[in-house]
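Asks: Just dropping this structure here.
Please treat every number below as a calculation from the coordinates, not as lab data. Small disclaimer: the values here were computed from a predicted structure and weren't measured. So basically every Cβ, Gly included, is an ideal-geometry build from the backbone, and we count neighbours across all protein chains shown.
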Amino acid sequence: MQSPQDRICQDKIMNSTHFSSFASVTNSTLAIIMGGGAGTRLFPLTKDRSKPAVPLAGKYRIVDIPISNCINSDLRHIYVLTQFNSASLHRHIASAFKFDRFSRSFVEILAAQQTPTGSHWYQGTADAVRQNLQNFLSRPYEYYVILSGDQLYRMDFRDLLREHIEGNADISIATIPVNRSAATDLGIMHTDASRRITRFVEKPKDPAVLDGLKIPADLLKNLGHDPGEELFQASMGIYVFNRQALIEALDNDFVDFGKHIIPRSIETKKVQSYIFQGYWEDIGTIRSFFDANLALTDEKPPFSFFDTTRPVYTHARFLPASKFHGATIKRAVISDGCVISDAQIEHSVLGVRSFINSGTTIRHAILMGNDFFDADLAQRDKSGMQLGIGRNCVIDHAIIDKNARIGDGVVITPEGKPENFDGENFYIRDGIVIVPKNTTIPAGTRI
């Protein structure tokens, strides 16, 4: 049964002079998800995995967000571009996203590779698309939706495509209104009354420059804001290109869309803004990733995984239900397959197969869980310690990555420590302690 949102979107598309049906748009669109960056801002979570493969919200991966947005928008032709530490990402996508073999739908990996025409790694987002352009042009796609792999949001790309088509744009860029303090760290667009982008400034710091980039009062009013409000249009790193516009935009040696391709295209193409007003968060830093995860424990979180009309898809693990033995739990997200004894859990996210022993306190923390149950591989661990968190531990303002073994009486907290620090078996980033994947912390350790 078609949802009301689908019917509204389809009616709008059918009224367009360009297409006679909604399906003709989505079938003519290719989605490209950028997953090739080294993810240095998320280190050490990206120490052994790519950024899109970082666990999210207990049971998902970051890459599940853009792929699910595509599927829920009826975009079923999807490439994910990868490069660094991509083995776990490849496994996840191969196991999670399988379509009917009789359909033409696909989610496929395109890894950086040596070819007769080039032997270098992806140098940036634009270079990654350029190196794979032959694959993208091999089918008669008319539109290319290019997405980032490190954002948390829910968007119907059909609305973006509709505005792109109705506006006769060559390129469309999704933007989101932000205040002055946030604008200095983002790429800011300025548009005319028709939402055509006339100017782009990357991370503007000069107050005078910022003053000239404010959203005009008439446009603010049309968006439902107070005309006197001071807001700016920040790029979300989400682009739509017409086929010919993409070919021409990449006919050079520019390596990045945000820094190079978009500023030049504004001068030569019709580049339009699609203003998005829903929840959107760049989770590409440890602090933003930490805060976005813990916000999921709120009674009414800004982003909800409980939206059954637009679900987030991921790998089905078929794990048993979690077990609790006298635990005290306040504001927590707890995934499948966990075993929690007499512990206190507050304002925390617990990943799949998390094990927490009695007397332990977990607060303001993310436990990413484990890839296996301890009985499977316990005999192979040289330390003799069990997976998970031992007895009488305190874990506060921390991220414990997968397969960690935390001994009895361990205390982990950033209190009294630098904002950023590299320890022997831990790291501190943005005031958050991170215990890397597969790390063993001996009993009695204080971090």
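Asks: Which of Ala217, Ala332, Ile262 sits closest to the plus end of the dipole of the chain, meaning its Cα is farthest towards the positive end, when Lys and Arg get +1 and Asp and Glu get -1 on the C-beta?
Replies: Value: Ala332.
Asks: Which listed residue (Thr440, Val394, Ser358) has the Cα farthest towards the positive end of the charge dipole for the stretch 323-441, taking +1 on Lys and Arg C-beta and -1 on Asp and Glu C-beta about the Cα centre?
Replies: Checked the options; the winner is Ser358.
Asks: What ³J(HN,Hα) values, in whole Hz, does the Karplus curve 6.51 cos²θ - 1.76 cosθ + 1.60 give for the stretch 78-92 when θ = phi - 60°, with x put for Gly and Pro?
Replies: The phi angles translate into 9, 10, 10, 8, 10, 8, 8, 6, 9, 4, 5, 5, 4, 4, 4 Hz.
Asks: Right, another one. Over the alpha-carbon set of the stretch 257-318, work out the extent along each principal axis and list the three values in angstrom, largest first.
Replies: Principal-axis extents of the stretch 257-318 (Cα, largest first): 50, 29, 26 Å.
Asks: Once phi is turned into ³J(HN,Hα) by the Karplus curve 6.51 cos²θ - 1.76 cosθ + 1.60 with θ = phi - 60°, what whole-Hz value does each residue of the stretch 53-65 show in order, with x for glycine and proline?
Replies: Values per residue, Gly and Pro as x: 8, 5, x, 9, 6, x, 9, 10, 10, 4, 5, 4, 5 Hz.
Asks: With r as the distance between the Cβ atoms of Glu424 and Thr309 and R0 = 45 Å, compute the FRET efficiency 1/(1 + (r/R0)^6) and round to 0.05.
Replies: The computed FRET efficiency comes out at 0.40.
Asks: Could you give the length gained by full extension between Asp226 and Phe99, i.e. 0.36 nm per residue of separation minus their alpha carbon distance, to one decimal place?
Replies: Here the segment from Asp226 to Phe99 would lengthen by 41.2 nm.
Asks: Treating only the Cβ atoms of Lys and Arg (+1) and Asp and Glu (-1) as charged, compute the dipole magnitude of the stretch 128-192 about its Cα centre; round to the nearest 20 debye.
Replies: In debye, rounded to 20, the stretch 128-192 gives about 220.
Asks: For the chain, which span is the longest to avoid every loop-located (per DSSP) member of GluC sites (Glu not before Pro) having at most 12 other Cβ atoms inside 10 Å?
Replies: In the chain, the maximal stretch lacking such sites is 1-298.
Asks: Shifting gears a bit: Roughly how compact is the chain, stated as its Cα Rg over 2.2 N^0.38 Å to two decimals?
Replies: Here the Cα radius of gyration is 1.04 times the empirical estimate.
Asks: In the chain, with Lys and Arg counted as +1 and Asp and Glu as -1 at Cβ, which of these residues, Ala182, Ala23, Pro302, has the Cα nearest the positive end of the dipole, that is, farthest along it?
Replies: Ala23
Asks: List the residues of the stretch 233-270 whose backbone N lies under 18 Å from a point placed 7 Å from the Cα of Asp206 along the Cα-to-Cβ direction.
Replies: Answer for the stretch 233-270: 263.
Asks: Once fully extended, how much extra length lies between Lys259 and His325, figured as 0.36 nm per residue of separation less the alpha-carbon to alpha-carbon distance?
Replies: Using 0.36 nm per residue and subtracting the Cα-Cα distance, I get 18.4 nm.
Asks: Working from the alpha-carbon coordinates of the stretch 212-272, get Rg over Rh, Rh being the Kirkwood radius.
Replies: Radius of gyration relative to Kirkwood radius: 1.09.
Asks: Near the amide H of Leu231, under 5 Å away, which other amide H atoms are found, from residues 5 or more places off or on another chain, if H is placed in the peptide plane?
Replies: Counting only residues 5 or more places away or on other chains, the set is Ile215.
Asks: Using only the Cα atoms of the stretch 288-384, what semi-axes does the equivalent ellipsoid have when each is the square root of 5 times a gyration tensor eigenvalue? Give whole Å, largest first.
Replies: 24, 18, 12
Asks: Let me ask another. Can you check what the Kirkwood hydrodynamic radius comes to for the stretch 119-198, Cα pairs only, in Å to one decimal?
Replies: 15.5 Å
Asks: A further question on this structure: Percentage of Cα-Cα pair distances in the stretch 77-218 greater than 27 Å, rounded to whole percent?
Replies: Roughly 39 percent, once rounded to a whole number.
Asks: Now for a separate question. Please compute the Kirkwood hydrodynamic radius of the stretch 50-112 from all pairs of different C-alpha atoms, in Å with one decimal.
Replies: Taking the inverse mean of 1/r over all distinct Cα pairs, the stretch 50-112 comes out at 12.1 Å.
Asks: I want the local charge near Phe84. Using Cβ-Cβ distances under 11 Å, sum +1 for each Lys or Arg and -1 for each Asp or Glu among the other residues.
Replies: Spelling it out: positives minus negatives among the neighbours equals +2.
Asks: Scattering from the C-alpha atoms of the stretch 323-441 alone, worked out with Debye: what is log10 I(q)/I(0) at q = 0.21, 0.22 1/Å?
Replies: -1.18, -1.28
Asks: Please give the contour-minus-distance gain from Lys47 to Asp371: 0.36 nm per residue of separation, less the Cα-Cα distance, rounded to one decimal in nm.
Replies: This chain segment gains 115.0 nm when fully extended.
Asks: Dividing the Cα radius of gyration by the Kirkwood radius, what Rg/Rh value follows for the stretch 177-306?
Replies: Taking Rh as the inverse mean 1/r over Cα pairs, Rg/Rh reads 1.00.
Asks: Straight distance only, please: which lysines reach the Cα of Lys270 with their own Cα at less than 23 Å, same-chain residues fewer than 8 apart left out?
Replies: In chain and number order, the partners are Lys12, Lys203, Lys214, Lys259.
Asks: Around Arg243, with a cut-off of 14 angstrom between Cβ atoms, what is the net charge of the other residues, counting Lys and Arg +1 and Asp and Glu -1?
Replies: -2
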